[in-house]
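Worksheet: one structure, shown below.
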Amino acid sequence: MKIELISKSSAFTRNLGSLFTRVFSSQDTILLSGELGAGKTTFISGIAKGLGLKENLSSPSFTILNIYRIGSKKKLVHADFYRLNTVDEVLNAGIEDYVYDNNSFVCIEWGDIIREYLKVNFLEINFSYFLNNDSSGLDNSSGSGTGPKDFYYNVAENNLDQKRHIVFRSSNIYWDKKLETFQTLLAKIKNNIFTA
Ligand SMILES: Nc1ncnc2c1ncn2[C@@H]1O[C@H](COP(=O)(O)OP(=O)(O)O)[C@@H](O)[C@H]1O
Ligand SMILES: [Mg+2]
């Protein structure tokens, strides 16, 4: 199953992350891919907010693993493997301890390298820039029922905000079901939380 949508602002991307926590469980792992600055960390900061964390998520460009405690036993695990080049390096970072832990919400940026080694059902989320950042392209299909099945909401824009293309892709029944629920939630809140 695949959900494609367009984010028009960093607030949108963050809110999307918060909403995602409605289907994100503490046994789950998500892999976030896409160019630097495309919005992966912004999405995860929304997840942190949705999970009730008060502190700001640091961008772990130097730290490979950041662990945030949620209550007494759950954790949000934010991994960024941008600087790692081999599977060994990734495994040495200790990610497996969390991936196979039922109390850890695991979010991995640049995790493609361990895709094949993960023995869990993971969800992939890809973030990308719009090459042409005007109102052409995917936007035209919004609400028309043709083309990519995207959600497009009007949000207040400032000049730092840009469009991003976000794609959720699952290849297992476990995540297919969750994405279906997520899609229903998205349709419901359309004009609410995304008008930040
Ligand atoms: N629609 C958008 N979604 C997410 N971030 C956006 C958007 N528009 C502009 N930005 C900006 O792009 C940057 C994204 O940074 P970040 O989330 O750290 O990217 P990544 O983790 O993918 O490298 C931030 O500076 C953010 O303010
Ligand atoms: Mg990042």
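Taken together, the values in this text are just the output of simple stated rules run on the coordinates, not laboratory data. Computed from a predicted structure; not experimentally measured. Here the Cβ is made from the backbone with ideal geometry for all residues, glycine too, and neighbour counts use every protein chain on show.
For region 1-64, how big is Rg over Rh, using alpha carbon atoms and the Kirkwood form of Rh?
0.95
Place the peptides 98-110, 161-173 in order of packing, highest mean first, counting for every residue the other Cβ atoms within 10 Å and averaging per peptide.
Going from most to least packed, we get 98-110, 161-173.
Estimate the FRET efficiency between ARG83 and ASP161 by the formula 1/(1 + (r/R0)^6), using the beta-carbon distance for r and 35 Å for R0, to the nearest 0.05.
Once rounded, the FRET efficiency stands at 0.80.
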